[in-house]
Amino acid sequence: MKLMEYRIDAVVEAFSGAERVCVFTGAGASKESGLPTFREIDGEWKHYDPMTFATLEGFLSEPVQVWNMYRMRQRQIGEAQPNGGHSVIAQMERQYPHFLLVTQNVDDLHERAGSRKLVKIHGDCWGMRCLQCCETYDTRDFDFPAEFTTETLPICPKCEVLCRPDIVWFGEFVPDDAMHAAVWSSSTCDLMLVVGTSGEVSGGYGFVERAAMNGATIVEINPTEGILTQHAHIWVPEPAGVVLPKIWQCLTMYK
């Protein structure tokens, strides 16, 4: 595929002609809001062993440590604010008849920006799930301490069994409903917007390839080139929080 030189008018033209839109976002979309990523050179996995903090085995071995890392992450998320990229993506779902936001992010910045048509394929940092009955809960509905101890770990109200963070860890599968919705949207869209993801996690799950096979236009917004860039028709090497509002303003004027 020949990658077009980035021109804002080409991006606006792609957006203006679309009806079925799938947006695929990753950690870069929230990095602009001040949330540290996990996979970059200076990311969180430099400080936290993923085999302890992102596997079921690690959690069962060190539940207090794991829960307290996620409590720290929850505080970071609570202090962060949606950026311009989040806001534009939320506006997009009201513009296009068929729209789905597929996000790898476990924060709630998309929702706080106004997004409602979305699936979170890696779970939700605010959630917890019972290890026995698999019932899910919102940790914000409980009076939990800022840091857990062995005696204060989250317990399922029904089973009185330990709960885990409702996150998809290494070695686990994306929930069926979220994956089916993501596959359908990426397979049937006429425009796919890729924002802030390198595609390193499971190769981006093949969403971009599905969209390309269906003849969709692929627009990637990411300051750095990743493994998904090879599939893009247009690569915008800028932060989404900066460039998406410009594109959306031009699109409004264009219409």
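List of remarks:
- Using just its DSSP H runs of length 4 or more, each adding -39500 (n - 2.57), the chain gives a mean residue ellipticity at 222 nm of -10500 deg cm²/dmol after division by all residues.
- In a fully extended conformation the segment linking residue 242 and residue 179 would gain 19.7 nm over its present Cα-Cα distance, using 0.36 nm per residue.
- The charge dipole of the chain, taken about its Cα centre with unit charges on the Cβ atoms of Lys, Arg (+1), Asp and Glu (-1) only, comes to about 660 debye.
- Ranked by how many other Cβ atoms sit within 10 Å of their own Cβ, fewest first, the residues 167, 89 fall in the order 167, 89.
- Three-way shape label, segment 106-145, alpha-carbon gyration tensor, a/c 1.5: oblate
- The order of 197, 52, going from fewest to most other C-beta atoms within 10 Å of their C-beta, is 52, 197.
- Under 17 Å from residue 31, Cα to Cα: aspartates and glutamates that are on another chain or at least 8 residues apart: 40, 42, 44, 79, 107, 108, 111, 124, 200, 220, 225, 238
- In the chain, a dipole from Cβ-located charges (positive for Lys and Arg, negative for Asp and Glu) runs towards its positive end, and of 54, 136, 219 it is 219 whose Cα lies farthest in that direction.
- Take each peptide in 112-123, 97-108, count the other Cβ atoms within 10 Å of every residue, and average; sorted highest first, the result is 97-108, 112-123.
- For residue 22, net neighbour charge (Lys/Arg +1, Asp/Glu -1) across residues whose Cβ lies under 15 Å away: -1
- Cα-Cα P(r), the chain, percent of pairs per 10 Å interval: 7, 31, 34, 19, 8, 1
- Spherically averaged projected area of segment 140-255 from its Cα convex hull (nm²): 11.4 nm²
- Antiparallel bridge percentage (DSSP; both residues within segment 128-255; nearest 5): 45 percent
- Mean Cβ neighbour count within 10 Å, used as a protection proxy, ranking 76-83, 8-15 highest first: 8-15, 76-83
- Antiparallel content of DSSP bridges confined to the chain, in %, to 5: 25 percent
Just so you know, all these numbers are worked out from the coordinates, no wet-lab data involved. Predicted, not measured: the structure shown is a model, and the values here were computed from it. Every residue, glycine among them, receives a Cβ derived from its backbone with ideal geometry; neighbour counts consider all protein chains shown.
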